[in-house]
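A.B. asks: Quick one: this structure, given as structure tokens, is what I'll be asking you about.
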Amino acid sequence: MRLVKITAEYCKGCGLCVWACPKGSLGLSKELNPLGIHPVQFKQGAECTGCRNCAAMCPEAAIEIYEVNDDG
């Protein structure tokens, strides 16, 4: 399983990560971050392949992908 961590305070809402996600798992939030921008968010129930395209495209390094062990 993969955990997608997005630091909304860093996001400038450019949407490059949304475009780069092969699964369409990212979208812009309806909420505003402290900069007054709609940051990206991982969609509820979405799937992450772990390709890290989103993290590579993010100019603000606001996205991190972690492999999580399902063992608990």
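The values are calculated or read from the model by the stated rules, or taken from the named source; none is laboratory data. Just so it is clear, the structure is predicted and the values come from calculations on it, not from any experiment. As a convention, Cβ positions derive from the backbone with ideal geometry for all residues, glycine included, and neighbour counts pool all protein chains shown.
A.B. asks: Would you point out which residue out of Gly15, Gly36, Gly24 is of a type outside the set (A, V, I, L, M, F, W, C), surrounded by 14 or more Cβ atoms within 10 Å (Cβ to Cβ) and either out of contact with any Lys or Arg (no Cβ under 7 Å at 6 or more places or on another chain) or in contact (Cβ under 8 Å) with a residue 60 or more places away in the chain (or both)?
C.D. replies: Gly15
A.B. asks: Any idea which residue in segment 61-72 is modelled with the lowest pLDDT, counting only those that are assigned to a loop (DSSP other than H, G, I, E, B) and exposed (fewer than 11 other Cβ atoms within 10 Å of the Cβ)?
C.D. replies: Gly72
A.B. asks: Specify which of the listed residues (Cys58, Cys48) is crowded, with 17+ Cβ neighbours inside 10 Å and farther than 26 Å from Asp70 by Cα.
C.D. replies: After ruling out the rest, the residue left standing is Cys58.
A.B. asks: Report, by residue number, each residue of segment 6-20 that is of a type outside the set (Phe, Trp, Tyr), more than 16 Å from Tyr66 (Cα to Cα) and either in a loop (DSSP other than H, G, I, E, B) or over 11 Å from the mean Cα position of the chain (by Cα) (or both).
C.D. replies: Matches in segment 6-20: Ala8, Glu9, Cys11, Lys12, Gly13, Cys14, Gly15.
A.B. asks: Got a sec? Which of Leu3, Leu35 is modelled with pLDDT under 95 and part of a strand (DSSP E or B)?
C.D. replies: Exactly one residue qualifies, and that residue is Leu3.
A.B. asks: Within the set of pairs 6+ apart or on separate chains, which have a first residue in segment 60-72 that is aromatic (Phe, Trp, Tyr), a second that is at pLDDT 95 or above, and C-beta atoms under 7 Å apart?
C.D. replies: Taking only residues 6 or more apart or on different chains, the pairs are Tyr66/Lys5.
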